[in-house]
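Read-outs throughout are calculated quantities, based only on the coordinates presented, and are distinct from any laboratory measurement. Just so it is clear, the structure is predicted and the values come from calculations on it, not from any experiment. Glycine gets a Cβ as well: all are built from the backbone with ideal geometry, and neighbour counts include every protein chain shown.
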2 protein chains.
Amino acid sequence: MRSSTEYIEKLRKSGLRPTKQRITICELLFNTDKTFHFTINDLTKIIEFNSNQKISLATVYNTIHAFQKKGYLKEIAINSSQTYFDTNISAHHHFFDEKEKKLIDLEDEDVYPIKIKKTIPGKKIKSVEVLVKIDKI
Amino acid sequence: MRSSTEYIEKLRKSGLRPTKQRITICELLFNTDKTFHFTINDLTKIIEFNSNQKISLATVYNTIHAFQKKGYLKEIAINSSQTYFDTNISAHHHFFDEKEKKLIDLEDEDVYPIKIKKTIPGKKIKSVEVLVKIDKI
DNA sequence: ACATTACTTTAGAATAATTATAAAATTGGT
DNA sequence: ACCAATTTTATAATTATTCTAAAGTAATGT
């Protein structure tokens, strides 16, 4: 359990005002050592059940996008009706179970290093994401 | 330029009735050796400019989803407001330029083989997709 | 502490891709 | 040609996300 003053500092340093809503979301997302995957819909429910505060949907979107821009969250590239975010911002990949709509982390050491031979003139690589779709045997 | 009778046969064999709309879409998608990436919106415009037929939006969606289910098209996993499809159904990966919203094929030989060490009990790997996001240097 | 400014939150409206609906049209088999 | 099954179509419904602009809150200077 981290103290909220830690989040207040971090938010300020990032140029984000430490509002009640942002601190609450920080606590819900980052107060555990476990990283996890969520959609805005998931997070809305988490807020509802785990805080006695109502945060408007627009604020949830704003906050998550702000955190993502600052690099505290990663958006995961999958085709789903909802966008997934990851509190694990390290370079890593994912399993995705399309039936259960669930993501599972693949740590960097779970995947042999990926090397791309092709280059595009005038372009540089920003990120390399591997999505491994899985299914019942 | 393939003959439409070829598509009629293929559709019939797949259990899809060869309608005027489906044949038109086949011709627009598969009448070239070049494979390409498109969104439903792209395809709607292609139909508009390259055939003298108006195909309703619902039919475009139905057809593309039917073709995808039969394995004639691949959906590409990226987070975009629109879903991308690929006429190249072979195992391959992609560059994605988020600014220009453009996809570029990475042939299988452009990427060193990907090996996943982790396994999930009761689950098998269905596909492995690599998305390389690129940006201006 | 107070005032002023800038940033945030909020509810609700707007947007846009996709899916659902159900009537009309077309296809395939007899 | 006839009939049943499938398909197309226009339109409505759905849903995630973004926009808007008014009200609230935080930061800063006095």
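Where the label is 7 Å out from Cα toward Cβ, how close does B:Glu100 come to the same position in every other copy, in nm, shortest first?
Spacings between copies for this position, smallest first, are 4.0 nm.
Among the listed pairs A:Lys118/B:Lys74; A:Lys117/B:Lys115; A:Lys102/A:Lys123, give every one whose C-alpha distance is greater than 25 Å.
Going by Cα-Cα distance, A:Lys102/A:Lys123 fall outside the 25 Å limit.
Using a Gaussian network model on chain A with a 10 Å cutoff between Cα atoms, which of A:Gly71, A:Gly15, A:Gly122 fluctuates the most?
Comparing A:Gly71, A:Gly15, A:Gly122 in a Gaussian network model of chain A, the most mobile one is A:Gly122.
Any idea what the dipole of the stretch A:90-134 comes to, in debye rounded to 20, about its Cα centre with Lys/Arg Cβ at +1 and Asp/Glu Cβ at -1?
540 debye
What value does chain B have for Rg/Rh, both radii from Cα atoms and Rh as Kirkwood defines it?
1.01
What are the nm distances, shortest first, from B:Thr5 to its equivalents in the other copies, labels at 7 Å along Cα→Cβ?
Shortest to longest, the spacings are 8.4 nm.
What Kirkwood radius, in Å to one decimal, follows from the Cα pairs of the stretch A:90-134?
Over the stretch A:90-134, the inverse of the mean reciprocal pair distance is 12.2 Å.
Using the 7 Å Cα-to-Cβ label point, sort the distances from A:Ile116 to its equivalents in the other copies shortest first and give them in nm to one decimal.
The answer, with the shortest distance listed first, is 2.0 nm.
Below 20 Å, Cα to Cα, which lysines can B:Lys20 reach? Residues fewer than 8 away in the same chain don't count.
Leaving aside lysines fewer than 8 places away in the same chain, those within reach of B:Lys20 are B:Lys10, B:Lys45, B:Lys54, B:Lys69, B:Lys70.
How about A:Lys101: which aspartates and glutamates have a C-alpha closer than 15 Å to its C-alpha, ignoring those fewer than 8 places off in the same chain?
Excluding near neighbours in sequence, the set is A:Asp42, A:Asp86, A:Asp135.
Let me know the charge dipole size of chain B about its Cα centre in debye, to the nearest 20, where only the beta-carbon of Lys, Arg (+1) and Asp, Glu (-1) is charged.
760 debye
Which value, in debye to the nearest 20, describes the size of the charge dipole of the protein assembly as shown about its Cα centre when Lys and Arg Cβ atoms bear +1, Asp and Glu Cβ atoms bear -1, and nothing else is charged?
Its charge dipole is roughly 460 debye.
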